[in-house]
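Trainee: Once you've had a glance at the structure underneath, I'll fire off some questions.
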Amino acid sequence: MPPYWAIGVGAGLIGALLFLTAGVGSPILGLPLFFAALPVFLAGLGWGARSALIAAVTGFIVLSSTSSFTAGLVFLVADGLAPAWLVHLALLHHLETAPRLTPAEAARLARKGETPETDSPAAEEAEKPAVTEWYPAGALAVWTALIAVGVLVVSGLSTMAMGVEGGLEGALRMLLAEDLIEGRAIEAGLRDLGLSADPERILSLIVIALPAFVVMAWSLLNLGNMWLAQVILARAGHNLRPTPTLLDIEYPPFLLALFLAALILSLIPGSAAQLGGAIMIALLVPYFLLGLAVIHAISRAWTARIALLGVFYVLLIFTGWLIVPVCLIGLAEPWAALRARFAQSEAPTGKEIS
């Protein structure tokens, strides 16, 4: 058996075991669920995209056999095929060869009595070593958001095609009403918090916010697991591609157009508003990462950089409200060019930043 087969099967088994912790009923014991995609990324980024695909299929077979077909399908889509596709993209690369002298340039040098080994600009360009260009990190973040958007659109259209009243919102309401309303889970939670509110209104808020929260969490978890897998493999010396520099991530212009379209969709009354809002949140994730990249770039001039960044991340995780300004910074970066401006201000006098 080739190594990538063995690694893929093993990664699929571990991923399925991590996924099964979702049913333990404890928030602490269920934390491994968040790392269900990590073995797939480890297999793919260390042994190739085929290994990641084998891990995805193995996890699906194991979960379908031991748990349920639904659990296997969720793992296959969310923690299997999506990571395998991202791995396939991440490993794409091409060789940027050094430019060669054209016959006309060679003839011109010969007439001048020069050789390609001289210090002429053309010769210098010809002597530059070839560079391997890997698939950019920014494009991987965009693809992650687009996968989340695709799942949302398919889910919304499927519920509408099945005739579910209210579309995706109506389907979620039917799924959650039995446990949260009839099971009085919302009433019990409000009672424990000492709050008084209409359980139906709380359910409506949950149903509206749930798709947006799920796609945001899934996108961040997948990108986080991908980054963690790359770090582990790089430390072990088994990474197939170099670790990208996240401070230099860039996005294509169409991402902003999609974001504005989702924003307009979210303002349309009806079930389209919820779908548009969830898509908008999914497309905000890349801009959130871009905002973090800007903050890290600016922090290079801070005296106590590590300590201040530590405080920032603690506030970001435990308060949550900092997500909004970070996203706004990311949205403004294509026009404000804060990273470039900061680099120019830090450049020594008389030198330019390329």
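Read the figures in this text as sums done on the coordinates, not as results from a lab. For clarity, every value in this text was computed on a predicted model and none was experimentally measured. Positions of Cβ are generated from backbone atoms using ideal geometry, with glycine treated the same way; all protein chains shown enter the neighbour counts.
Trainee: Amide H of His93 versus every other amide H placed in the peptide plane: which residues, excluding those fewer than 5 positions away on the same chain, fall under 5 Å?
Mentor: Those qualifying (amide H under 5 Å, at least 5 residues apart or on another chain) number zero.
Trainee: Moving to a separate point now. For Ala257 and Leu92, compute 0.36 nm times the residue count separating them, minus their Cα-Cα distance, and round to one decimal in nm.
Mentor: 56.8 nm
Trainee: Next question, about the same structure. Given a Förster distance of 25 Å, report the FRET efficiency between Leu157 and Ile206 from their Cβ-Cβ distance, rounded to the nearest 0.05.
Mentor: FRET efficiency, Leu157 to Ile206: 0.65.
Trainee: Mind giving me the FRET efficiency for Ile61 and Leu33? R0 is 22 Å, r the Cβ-Cβ distance, nearest 0.05 is fine.
Mentor: Between Ile61 and Leu33 the formula returns 0.70.
Trainee: Classify region 1-93 from the C-alpha gyration tensor, please: rounded if a/c falls under 1.5, else prolate or oblate depending on whether a/b exceeds b/c.
Mentor: Prolate.
Trainee: Continuing with this model, one more query. Go through 41-50, 220-229 and give me the packing order, highest mean Cβ count within 10 Å leading.
Mentor: 41-50, 220-229
Trainee: FRET efficiency for Leu228 and Ala273, Cβ-Cβ distance as r, R0 = 45 Å, nearest 0.05?
Mentor: The formula returns an efficiency of 0.80 here.
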